[in-house]
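Visitor: I am attaching a structure below and will ask some questions about it afterwards.
Just so it is clear, none of the values below were taken in a lab; they were calculated from the coordinates. Not measured: the values here are computed from a predicted model. Here Cβ is always computed from backbone atoms with ideal geometry, including for glycine, and neighbour counts include all displayed protein chains.
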């Protein structure tokens, strides 16, 4: 059985599948404090989630000089890895992914995380074998550059019109637009969904259950 509309479905990670946005924002704030920069607000720290790490930190801490970026990145990783065990999947994500696999979609990840960070998460027993492919910002390019989607489409031989990107930020939706793909926004992550409309998502889901229902009916 083939999917009705999309062959390849790419998910953002943090804030879309994993309930991690609050912890990431706090880690960004702590890292900036550690290097003597002006601490960004929660909204400012949340806005950069989804970008590549150094791109995000530079945006969140414009007063930190470039020579301190390596230290800034080290401090972020220090705070994040100290708390990563507290991060969990949103309720309903595993049944959603299982449904998509049974319907023979290619299920992939396109994330601003590092390859090291994503691989550590994918090693958990509950996620083994659920994803057919993935791309990270540090091995391609940060969002909204469409390179990670282009690479996934080439890997699976799928056209843009048969590809769907799902994410919680304007960076995700802009990346899909730049790649010529359709998108769905989720409102329970890092960005206020009021900014999604201009990026033309097919739908904005306000819960994992709503996302699951939409994909079952239309994907």
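Visitor: Report the dimensions of the stretch 108-180 along its three principal axes from the alpha-carbon atoms, largest first, rounded to Å.
Guide: In descending order, the Cα extents are 34, 22, 21 Å.
Visitor: In addition: Measuring from the lowest to the highest alpha carbon on each principal axis, how far does the stretch 21-86 reach, largest first, in angstroms?
Guide: That gives 31, 21, 19 Å along the principal axes, largest extent first.
Visitor: Spin-label point model (7 Å from Cα, Cβ direction): what's the residue 156 to residue 85 distance in nm?
Guide: Roughly 3.4 nm, to one decimal.
Visitor: A follow-up question, please. I need the calculated FRET efficiency for the pair residue 41 and residue 116, taking r as the beta carbon distance and R₀ as 25 Å, to the nearest 0.05.
Guide: About 0.35, to the nearest 0.05.
Visitor: Hey, another quick one. In what sequence do 41, 124, 136, 111 fall when counting other Cβ within 10 Å, fewest first?
Guide: In increasing order of surrounding Cβ atoms, one gets 124, 41, 136, 111.
Visitor: Taking the number of other C-beta atoms within 10 Å as the exposure measure, put 194, 114, 20, 134 in order starting with the fewest.
Guide: Result, fewest neighbours first: 194, 114, 134, 20.
Visitor: If I histogram all Cα-Cα distances within the stretch 72-202 using bins 10 Å wide from 0, what percent of pairs lands in each bin?
Guide: Result returned by the calculation: 11, 39, 40, 10, 0.
Visitor: Can you give me the Rg/Rh ratio for the chain, using Cα atoms for both radii and the Kirkwood formula for Rh?
Guide: 0.96
Visitor: Comparing 206, 191, 105, which has the greatest mean-square fluctuation in the GNM of the chain with Cα pairs linked when under 10 Å apart?
Guide: Ranking 206, 191, 105 by mean-square fluctuation puts 206 first.
Visitor: Follow-up. Could you please rank 49, 166, 87, placing first whichever residue has the fewest other Cβ atoms within 10 Å of its Cβ?
Guide: 87, 49, 166
Visitor: Please identify, among 192, 12, 74, the residue showing maximal mean-square fluctuation in a Gaussian network model of the chain using a 10 angstrom Cα cutoff.
Guide: Evaluated over the chain, the most mobile residue of the options is 74.
Visitor: For n ≥ 4 DSSP H runs only, could you compute -39500 (n - 2.57) per run for the chain, divide by its residues and tell me the 222 nm figure to the nearest 500?
Guide: My calculation for the chain gives -12500 deg cm²/dmol from helical runs alone.
Visitor: Springs between alpha-carbon pairs under 10 angstrom, Gaussian network model over the chain: which of 61, 198, 182 fluctuates most?
Guide: Of 61, 198, 182, the most mobile in the Gaussian network model is 198.
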